[in-house]
Structure formats: C-alpha cells, structure tokens
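Heads up: the structure comes next, in structure tokens.
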Amino acid sequence: DKEQGPLPGRSGRAGEPPQAEKKLHEAVCVLLVELCERFTFFGIVCNMILFCTAKLGYRSYQAAVVNMCFVGTSTLTPVLAGWLAEYLVGRVKLVCICMFLHFLGTALLPVVSFPFEDVYVDRRHILLTLPKREQKIVFYFALLTASLGIGGIRAIVCPLSAYSLEDCGPKELLSFFNWFHWLVNLNSAVVFVSISYIQQSVARNLGFLIPFVSGLMAMITIHMVRGEMIYKPKTDSSLLTTFGVIFSALKTCCVRYRYFRTGLATWLDLAKENHGGHYSETQVEGTKSLARLFPLFTFQILYRTCIVQIPSGYYLQTMNSNLHFSGFVLPVAAMNVISIVPLLILVPILECINSWLFSSKDTGHSPAIYIVVGHLSAALSVMVAGFSEIHRKHFPQVEQTLSEEVLLVSSMPCFHLAPQYILLGVAEALVTPSCSLLSFRLVPERMRGISMHFLALFNGAGCFMGAFFVQTAHAGTQGNWFPHLLHEGKLERFFFFLASLMMVNTLGFWTIAHRYNNLHQDCTNEFRGNFPGEKLLKHEKAIKHYNAVLESSPILSPVEKT
C-alpha cells in the first residue's frame, strides 16, 4: 500500500528485468529530472537582477523584489500542483501540462533577452523592435509559466515519497537529506559558474541552453509516463483535510469556548465527531502531530528571508564591487559558489559526526541543535554583510562593464564579501537537511507528505517576507536603506535590521528546540490508544480482569454480606 503497485504489463512477463533493476531505473530517471529542473531554475535566478536592471531598466530594489517573488512562487507551486493532481486534473495529465508550461516559460525568456535592436535588415531599418512594456509583459508571463511548471515537476515527478523513505531510521534519513542537498548544490554550483558566465560575458543569447535542458527534462519525463514510473502516493490524508480540522476546531472554540476548561487534551480535539466536530479521530490526531511542528516552521520564515539575500542584497553588493581578477571579469553569480563550497565540504564531515552520534543510543542526539547553530550563522552572515557594505564604500569608485552596460562601482575586490557567503553556506548545510528530517520523521507516515507541504508553504512565506522587507525599507526610507546606487544610500542599515531580527529568531527557536529531541519515538503511539475500537478492547480487558479478581477472591466476611 505504500507504493504504487505493479501496473498491467509491468510484471509477470518473461524477459523482464528484475524488480531491483526497475527500481534503479526509476531512481535514475527521477534524479535526472530533478537535476534538469534545478539546472533551469538556477539558470533563471542566477542573473535575473542584472537582466532586470540592465535590460528592462528596473531599479535595484525592484529587481530584488522580482527575484525573491519568483523564488517564493516556485517554492509554493508544488503545493498547488499536488492539490490539483489529487482532486481536479489527475497526475499524468497535470505532468504533461506542467512540462508544456515549463518549456514555454524557459523558451520565452531568451526571446525577451534577445537584442533585436542589433539585428538590421539594412543600415536604416531594424529587423524588429520590442517595446519595454511588451518586454515586461512577456517577461512576467514567462516567469509565471516557468514557476508553475517547476511546481508540477517537483510535486509529481520528483516528490520525496518517490525515494521510498518510509522504513528509514533517523540516521538514514539525515544521511539521505544531507547527500540529496549536496547533489542539488553541486548542480547549482555548475550552473552559477557556467550559465552566469555565458549570459554575462560570452553571449547573452546562449541562454537558449536553458530551454534545451528543459526539453531534455521533458523527454525523460515522457519516458517515465509511458513506462508508468510516475509515483502515486497514498491519498488517505490531504492538505484540505488538515486545514479543515484546524478551522473546524477554531469554529467550535468560538461557539463553545467554555469547553476549554473540560478534560480535552488540546483545542484541536473539538474538531472530533464525538465533541461536536466533523472529522474522525484519526484525522484529528494526525493534525495534532503536525501542529507540533508549526513552531519549527514559523521560525524558518525569517531564516529563509536571510537565505534569499544571496540572489538579492548580496548579489547587488557583488555587482557593485570590483569583479576583475587577473585580467578576467568574474560573473556576478559566480560568487554564489563561495556559499556552496562550505556545504560541499561540511556534508561528508557531518556524515562522520552523525554516524558517531547515532551509534550511541544514550546521547539523545537531535538535529535541532544544528538548526540553532545554523540560524546563528545566518544572523552573523547578515551582520557581516552590513560591515562589508561600510568597508566597500571606503574604496574609490571605478568604471566596470557588465552585460554591455558601464557601471560605476567600488574598487574593492569582490572576494572581500566572501565571509558573508561562507556563513550562509554553513547555515544551509546545517539547517535545511535537519529541518527536512524533523518535518519528515516527527509525524505519522500518512502525514509526511502534508508535513513537507507545510514546510514549503513557510519557506515560500519567507521569500515573500524578504520581498516585503525590501519594498517597505525602500518606501519607508525614501530609498535610503535599499538604494538603487549603493554608494548613495545606507544598505548596511537594512542588513543590521535583518540581523537583529534573525538573532531574536535564533533565541526564540533555542527556547523550544528541546521539543524536537526525541527522534526515536513512534508518532503513532501517542494516539494509538485513543481510537474507539481500541478503547473498547481496553474496556473488555478490564472487565475480564475484574471478573477474574472476583472469582479468585476469598469468601466475603459477614460484615460485607450485611
């Protein structure tokens, strides 16, 4: 029941490969699709700010907001796609729709960036002109369709449930998440070095490489569809059911607030049918186990806001620094590799540490401490970014050409910004795998997909909160805290403000980190005895025990007889 069973024509035939070989083939296909999807995603994100400022004429804060909103939308769309596949469209049909949207979006982006003004029919006539307004419309439409396609691929073709993690223990799960994020970041490092250099320095029109990779991903996915390798998870729990349990409990609380003083364990019990609600005890108890993770998810919002500073605030700092190195102009997005290197180095080290810690059952090891240290590293990174911004302004300004645009930038070498990138890379190596482990492990098996959806919702909220902070800081300070020209404003104040919020966020999570220490508990044991059938079994056992006591008891005394 945990996986999609063998479909007609897939088993029982002579000459077919063994089941292990089929599983390996499916895993390779899923991994290839995952890498192609990440390649196109990072290829879009890596130089979006430079494209928006140089090609579309956006101001720096507007380009940062667009980039963070695209990242946030791509994070939230898998939740929407999972719901559509389950209730409205169907998985195979939605895969085809999302692949078309993904290819359409990635094909339109090079059209927007194509320099039509440089192509002439003759010396007096340009082949085609695309006004700025139409460019922006096509650009936003391309970003929207690409993000919708990304959501469908992540939710249907490459869900975590396709990797068969149900029977894994904490050590195996943490190892999987570590190496999974290691591989994704290795892929992104290749993208940031290659695609960013091609788009910025060699030929901006070679961005057509991105839709080519998208087309390759489409062919692999079509092969998976025809081979009936699209994973179909269990459907006994859904996001709508979880929201329904919460809203039903809140509604009952408002109508019957006096029941708070009764013997109910939590307010979510009011959603049960035997307490006036509309949901079964199984559904409510599963939602209660998920609600335990809500504080963890909430503290990830501000952390994710710090992480999206890499493609926004940190990118602008790098773009306004000296990129020349030994006569070679470094791509702006190549600095992101500095944040990836710590993760690539730390994952093997963390694997050795985790193997030693999990080998002892008395240590009570929990990855919650990794999250605390990672949050602290993120806060320090943003703080260092503020000091680096002050340091950058002390250097004289020089001219620098980026994407055929001449910019006035600081002469400070961009490598002076390396510490803030390294600290955020350390934070990602510690937080992301650990948070995935807690979200996956501390809920019942049937709620794990919903738990990962909620984690995605809160991560997406963090991206949009970052965009809100940038927009509010620019509007509230008349462009002083997030200026278009960094040497004319006080970007360091924005970083110091964000670092202070992140420090408070770290202290807040540290106070509740002890709630997530026990990874070896069976989540179903917490409410296994609450179901009506098991309560009846308990009552029957109690009656039998009582009758046995009566039968074996001595003769009643004369006082008791009277």
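If you go through region 349-376 and pick out every residue that is at pLDDT below 85, surrounded by fewer than 18 Cβ atoms within 10 Å (Cβ to Cβ) and either under 12 Å from residue 428 (Cα atoms) or not hydroxyl-bearing (Ser, Thr, Tyr) (or both), you end up with 8. Each residue in region 368-427 was checked for being basic (Lys, Arg) and within 18 Å of residue 340 (Cα to Cα), and 0 of them qualify. Residue count for region 211-235 satisfying the condition of being aromatic (Phe, Trp, Tyr) and modelled with pLDDT of 65 or more: 1.
When region 433-449 is filtered for residues that are open to solvent by less than 10 Å² (accessible area, probe 1.4 Å) and closer than 15 Å to residue 285 by Cβ, the ones remaining, listed by number, are 442, 443, 444, 447. Scanning region 301-327 for residues being in a loop (DSSP other than H, G, I, E, B), open to solvent by 10 Å² or more (accessible area, probe 1.4 Å), on the phi < 0 side of the Ramachandran plot and not hydrophobic (A, V, I, L, M, F, W, C) gives a total of 2. The one condition from (1) modelled with pLDDT under 90; (2) buried (at least 24 other Cβ atoms within 10 Å of the Cβ) that residue 425 does not meet is (1). Of the residues that sit in region 438-456 and are under 13 Å from the mean Cα position of the chain (by Cα) and among the hydrophobic types (A, V, I, L, M, F, W, C), which one is modelled with the lowest pLDDT? The selected residue is 452. Of the residues making up region 58-83, those that are more than 15 Å from the chain's Cα centre (by Cα) and either without any contact (Cβ under 8 Å) to a residue 60 or more places away in the chain or within 22 Å of residue 477 (Cα to Cα) (or both) are 58, 59, 60, 61, 62, 63, 64, 65, 66, 67. Within region 394-406, is there a residue that is in a helix (DSSP H, G or I) and aliphatic (A, V, I, L, M)? Among the residues of region 394-406, not one is in a helix (DSSP H, G or I) and aliphatic (A, V, I, L, M), which makes the answer no. The set of residues in region 474-495 being of a type in the set (A, V, I, L, M) and either outside the structural domain of residue 305 (by the TED database) or open to solvent by 10 Å² or more (accessible area, probe 1.4 Å) (or both) consists of 475, 485.
The values are calculated or read from the model by the stated rules, or taken from the named source; none is laboratory data. These numbers come from a predicted model, not from an experiment. Neighbour counts are summed over all protein chains in view; Cβ atoms, including those assigned to glycine, are modelled from backbone coordinates with ideal geometry. We work out accessible area using only protein heavy atoms, side chains counted, and drop any ligands, DNA or RNA first. Shrake-Rupley method; radii C 1.70, N 1.55, O 1.52, S 1.80 Å.
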